[in-house]
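The values are calculated or read from the model by the stated rules, or taken from the named source; none is laboratory data. Owing to the predicted nature of the structure, the values given are computational and were not obtained by experimental measurement. Cβ: placed from backbone, ideal geometry, glycine included. Neighbour counts: every protein chain shown.
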């Protein structure tokens, strides 16, 4: 198939195929080739390939099936850390399937689309995922990362540490969040961790809640300060932190990440280098009375560190 005007198509039996269609928008050749190769193996593999294209702009028909694949991968991500999950078919949200079936875009075979067809394609997608996972070695998180690194962040707890320079007593802010899914543009959607207790309430979501909190439990076994936060329920609220409290987290980043918790902090901290002082000079700060030595020597110099002007005493200490 050499044409680049491709579109997903449903057959009367509800099978998902990739066909040439003159009315379809033209696809970039590398993307078209990837999709051709995947759909040649079956509809489930084609859907899995679309689920990996989270950052690419796609025509409406492809975006529609990418959204469907994204629902499946989100269900996998929110169960991947649970010891209860036996890697069986993750349940599909019937309400979402019915909504998707009623909102199909223009594409060949759209008249055959029903919630029941989506259920069957969900199963096909599961078997494609399981086959590829087994061939990749069986590590779910590594396989999700191979599809697209952003999928490895969905369904996981994030510890977020930021500066709050206006608060001299507690110049750091801490917030635990979790990623419940991806936006239409492929960006992870962060929600406060406390929201998970409401979103995953009930026996039906027990597996997802355990999967989400298991890395925190592992990390708490290694970090006494975190264990105390969990016991006091502080992990589910925004917190003001002193430098000493922030240092505890920074010191234990390797242990937290080993347990499966994602740590997010300002990018400037990740380089492993101390901040550099910045020197600013202003020449001619006063209107000169005339041309002379006073005008030539009229300048002002200051040194700042991370936006804060240093006093002569602080500069001398450096």
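Structural remarks
- Filter pass, residue 8 being in a loop (DSSP other than H, G, I, E, B) and at pLDDT 95 or above: no
- Against the list (1) part of a loop (DSSP other than H, G, I, E, B); (2) surrounded by 15 or more Cβ atoms within 10 Å (Cβ to Cβ); (3) more than 18 Å from the chain's Cα centre (by Cα), the condition residue 226 fails is (1).
- Residue tally, condition closer than 18 Å to residue 50 by Cβ, touching a strand residue (DSSP E or B) at 6+ places or on another chain (Cβ under 9 Å) and not in a helix (DSSP H, G or I), over region 136-170: 1
- Scanning region 72-83 for residues that are surrounded by fewer than 20 Cβ atoms within 10 Å (Cβ to Cβ) and without any contact (Cβ under 8 Å) to a residue 40 or more places away in the chain turns up nothing.
- Within region 133-145, the set of residues being surrounded by fewer than 16 Cβ atoms within 10 Å (Cβ to Cβ) and either out of contact with any helix residue (DSSP H, G or I) (no Cβ under 6 Å at 6 or more places or on another chain) or under 17 Å from residue 69 (Cβ atoms) (or both) comprises 134, 135, 137, 138, 139, 142, 145.
- Counted as qualifying within region 34-109 are the helices (runs of 4 or more DSSP H) with 2 or more residues that are farther than 12 Å from residue 8 by Cα and in contact with a strand residue (DSSP E or B) (Cβ under 8 Å, 6 or more places away or on another chain), namely 60-77.
- Any hit, region 171-194, residues being surrounded by 15 or more Cβ atoms within 10 Å (Cβ to Cβ) and part of a helix (DSSP H, G or I): yes
- In region 78-89 there is at least one residue matching the filter, namely being closer than 30 Å to residue 219 by Cα and out of contact with any helix residue (DSSP H, G or I) (no Cβ under 8 Å at 6 or more places or on another chain).
- Top-ranked residue in region 209-223 [being crowded, with 19+ Cβ neighbours inside 10 Å and touching a residue at least 60 places away in the same chain (Cβ under 8 Å); ranked as nearest to the chain's Cα centre (by Cα)]: 212
- Strands (runs of 3 or more DSSP E) completely within region 238-286 that count 2 or more residues being under 26 Å from residue 180 (Cβ atoms) and at pLDDT 55 or above: 239-241, 262-264
- Those residues of region 147-170 which are under 11 Å from the mean Cα position of the chain (by Cα) and surrounded by 13 or more Cβ atoms within 10 Å (Cβ to Cβ), in sequence order: 148, 150, 151, 152, 153, 154, 155, 156, 157, 158
- Residues that are buried (at least 17 other Cβ atoms within 10 Å of the Cβ) and more than 23 Å from the chain's Cα centre (by Cα) do not occur anywhere in region 197-208.
- Condition check for residue 117 on (1) part of a helix (DSSP H, G or I); (2) at pLDDT below 95: one failure, at (2).
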